[in-house]
Amino acid sequence: MPDRAALIHDFVSNTVWKDWPRKPIQGDASSRRYWRLTNGDQTVILMDDAPELGGSTVSFAAIAQLLLGHGLCAPHILAHDPDNGLMIISDLGNHDVAALLRARPEQEMALYRISVEVLVKLHNIKPPDDLGRMTAQVGADMLDPVGTFYCRADITDLQRQMLVTLETYAPIANTLALRDYHAENLVWRSAHEGLDRVGLLDFQDAFVAPAGYDLASLLRDARRDVGQDTTEEMITYFSEQISAGPTFRTQLACVAIQRNLRILGVFGRLSLKMGKVRYLDLIPRVWGHIMTDLEDPKLARLRQAVLDTVPAPSKELLAGLRS
């Protein structure tokens, strides 16, 4: 494995930021690492996404350029070494929507409204032709982690029912989805105006999905509870803005269930393989989201398949997911 410290040193040494003090920033669920480089009141972000660990800064750069080209707020790429997975990007700020809401929960409706306005804008952006596409089959296949790292059992029947459900209620993948669109990944920029107030991060895994995928990510957040009134208003607003059909709420429930089932497996893997046991604390909320969305009467067969296959997160099950 390459010496990442040496690679990073060489990369930064060839930039104008070489003498700026560096401070680590808490990362996300991936293996990516971040530092904030500071010089007085000037800051930039150093990102390390090691190719040998499956990382790629190429997709991040491409999506950032796409978002910027459509008037959305993404980081500018200031220096880039794609072969080694290193990048210096502009710093959008250090106040995310989740942190702001912990201090000012009464602002939830307003902050989620502008976050959904960004999603409406994204909905109208033509996705690049080379992005992966979440067809019904891909959506079913994406559940593999829940079998391997959460149930630790065969989930073939669940995947078959997920395939049928997605084919019926969410068959068309035609919308750009950033995939991890939630309050901790949205930087709040109060000094700016319009959609520029919402800084976008963590979109390197963007793909093409059925409409509403990122809305499900936002409203069925693994990390925080979104108020019911906020949830209902945001679904109604988004539906109206994209002229969604009468079955959109069922489509939204489908992609939310698919996403959150996968998250059960991802969080199990993070604990078992990487020792990140803190993600186990989020699993009960994720399970609650799944149960809520399975209340849709049209999804009765999927509900039964989930209940037959995926155990609820008991204390014993969660204890067994510790590395």
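The values are calculated or read from the model by the stated rules, or taken from the named source; none is laboratory data. A quick note: this is a predicted structure, and the numbers were derived from the prediction, not measured. Because the Cβ atoms are built from the backbone with ideal geometry, glycine has one as well, and the counts that use them run over all protein chains shown.
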Open item on the list: Of the residues GLY212, GLY147, only one is assigned by TED's automatic domain parsing to the domain that holds GLN258 and over 21 Å from GLY268 (Cα atoms); which?
Closed with: GLY212
TODO: Would you mind finding the one in THR250, THR236, THR230 that is of a type in the set (S, T, N, Q), surrounded by fewer than 22 Cβ atoms within 10 Å (Cβ to Cβ), modelled with pLDDT of 95 or more and touching a Lys or Arg at 6+ places or on another chain (Cβ under 7 Å)?
DONE: THR250
Task: When residues of the stretch 270-290 are limited to those that are out of contact with any Leu (no Cβ under 8 Å at 6 or more places or on another chain) and among the charged types (D, E, K, R), the one surrounded by the most Cβ atoms within 10 Å (Cβ to Cβ) - done: ARG285
Open item on the list: Looking at the stretch 212-239, I want the residues that are on the phi < 0 side of the Ramachandran plot and of a type outside the set (Lys, Arg) and have a partner that is modelled with pLDDT under 95 and surrounded by fewer than 15 Cβ atoms within 10 Å (Cβ to Cβ) with Cβ atoms under 9 Å, at least 6 apart or on another chain. Which pairs are those?
Closed with: SER239/GLY245
Open item on the list: Cβ-Cβ under 9 Å, sequence separation 6+ or interchain: first residue in the stretch 166-192 and crowded, with 17+ Cβ neighbours inside 10 Å and in a strand (DSSP E or B), partner at pLDDT 95 or above and among the aromatic types (Phe, Trp, Tyr). Which pairs?
Closed with: THR175/TYR213; LEU176/PHE207; ALA177/PHE207; ALA177/TYR213
Task: Top-ranked residue in the stretch 254-263 [being among the hydrophobic types (A, V, I, L, M, F, W, C) and touching a Gly at 6+ places or on another chain (Cβ under 9 Å); ranked as surrounded by the most Cβ atoms within 10 Å (Cβ to Cβ)] - done: CYS254
Task: Leading residue by the ranking (nearest to the chain's Cα centre (by Cα)) among those in the stretch 246-281 that are hydroxyl-bearing (Ser, Thr, Tyr) and in a helix (DSSP H, G or I) - done: TYR279
TODO: Could you list all residues from the stretch 49-83 that are closer than 23 Å to ASP19 by Cα and either at pLDDT 95 or above or in contact with a Pro (Cβ under 6 Å, 6 or more places away or on another chain) (or both)?
DONE: PRO75, HIS76, ILE77, LEU78, ALA79, HIS80, ASP81, PRO82
